[in-house]
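Structure record follows, encoded as structure tokens.
What follows is calculated from the coordinates using simple rules that are stated; it is not laboratory data. Being a predicted model, the structure only gives us computed values, none of them experimental. Positions of Cβ are backbone-derived with ideal geometry, glycine not excepted, and every protein chain shown enters the neighbour counts.
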Amino acid sequence: MPVPCGPRLSKQAGVTYAALMERDSEDRALMLRYRDGDVGAFEVLYRRHKDAVYRYLLRLSRHPDTADDLFQDVWGKLIKARRRYRPTAKFATFLYRVAHNCFIDHVRRNRKHARPVTLDDDAIPDTAEAPDALTERALARRRLETALLTLPDEQRDVYLLHEQAGLGLDEISIVTGCKRETAKSRLRYALQKLRAAIDDATKMA
Amino acid sequence: MTDERNGNTHEPLHDDLVAELYRELAQETAPERLDAQLLAQAASEADRRRSGSPPWVRPFAWAATVGLTLAIVLEVARLPVPEPELPGSPASSRLPAAPADAQRSDAEKAATTELLEATDMRSLREAEDIARSRIGASRETLPATTDAGPAAVRMQSAAMEGCTDSDRSTPETWLSCIENLEREGLAELADTERDRLRKAFPDHVHE
């Protein structure tokens with residue numbers, strides 16, 4: 001995939017960035033270019049990842065307003081941290097680690113006001129379809145959404161990092177700060193619960 | 001239901017149906033109003049970075065600070081440590097004015113150099129002994145100096161003056177001063193003072 005080059009890149013810097021891109025590190029190269037002042041590189045990076053990050057935060061926080069705040073916080077931190085950025089890991093790992101930490105900080109700040117999530121919670125999305133008009137597939141989607149929102153935070157976090165961010169277990173363990181086996185166990189439980197919810201929907205239909 | 005694979009880059013656990021339904025479900029996009037805001041913030045930060053100091057300034061400043069601190073510490077370490085006044089030695093306020101370097105004898109210069117090179121008390125003692133012998137040899141021509149170390153100044157001052165007028169006011173204080181000079185190893189000067197004591201107080205019984 002071609003990556004647009006910034007006009008301010010010197011020949012030597014261009015060679016360095018090209019070498020990085022050859023090693024399947026387009027994101028890292030873009031971030032390095034932004035670190036060196038190329039705003040265009042940041043825009044490419046932002047548009048590439050913004051929706052996935054937003055969905056991750058939306059399902060993790062279970063509230064659109066909170067997701068908006070966290071989304072701004074994540075990218076704001078990324079912008080401010082660009083000078084310290086070192087391409088030692090996958091850019092996605094770096095990005096979702098920032099996002100994960102923002103969410104953890106948010107939970108800690110709002111612990112006193114935390115409410116347990118129930119099936120009647122406002123955060124659970126309301127589908128446009130009437131119950132009797134729900135097809136089997138739509139019912140399964142709705143059950144999945146509900147099951148996802150009622151998963152324990154740690155399991156939901158791991159599942160979203162796996163499914164939404166596309167991270168492997170090693171990367172998830174880096175992002176969440178837990179051991180690989182712990183991440184694997186959480187993912188397995190999350191998948192079992194989600195699958196059970198879908199199966200129930202299928203039986204009901 | 002689940003498919004576990006090896007390797008770090010592959011998904012070790014997977015459920016096709018769950019993944020498929022999740023993809024259908026997760027269609028939300030980030031609010032567009034945030035796009036403009038964040039991109040403007042990114043541009044603003046990049047501009048600030050460009051208008052800031054060059055990248056080499058910070059390491060250079062650190063290196064300069066460390067170098068300067070090291071130089072100050074070494075300079076302070078080289079300064080002579082003030083020593084307590086030796087008993088019987090004249091106070092530094094009684095030092096005569098220093099003559100020019102050109103008037104110094106070679107013996108005095110050598111003594112001063114050795115005293116300055118003495119770093120501990122033991123070597124200082126040895127240097128004092130050597131200097132004392134040299135100063136004793138050319139005492140008549142020795143002027144005082146003020147740019148030598150404190151020990152050298154004290155010794156040269158004693159060599160020049162011996163006892164003070166207040167020491168010489170009574171036989172007892174004069175004798176005490178002479179004893180101090182002897183303890184300091186200034187035997188020649190002590191003898192001179194003792195001769196003067198005998199002349200000044202012929203009736204006094206000298207030990």
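Just a few scattered comments:
- Per-selection Rg to Rh, segment A:52-117 - Cα, Kirkwood hydrodynamic radius: 1.01
- Exposure proxy ranking for A:Phe42, B:Phe60, based on other Cβ atoms within 10 angstrom of each Cβ and starting from the fewest, stands as B:Phe60, A:Phe42.
- Per-residue Cβ neighbour rank within 10 angstrom, fewest leading, B:Val73, B:Val81: B:Val81, B:Val73
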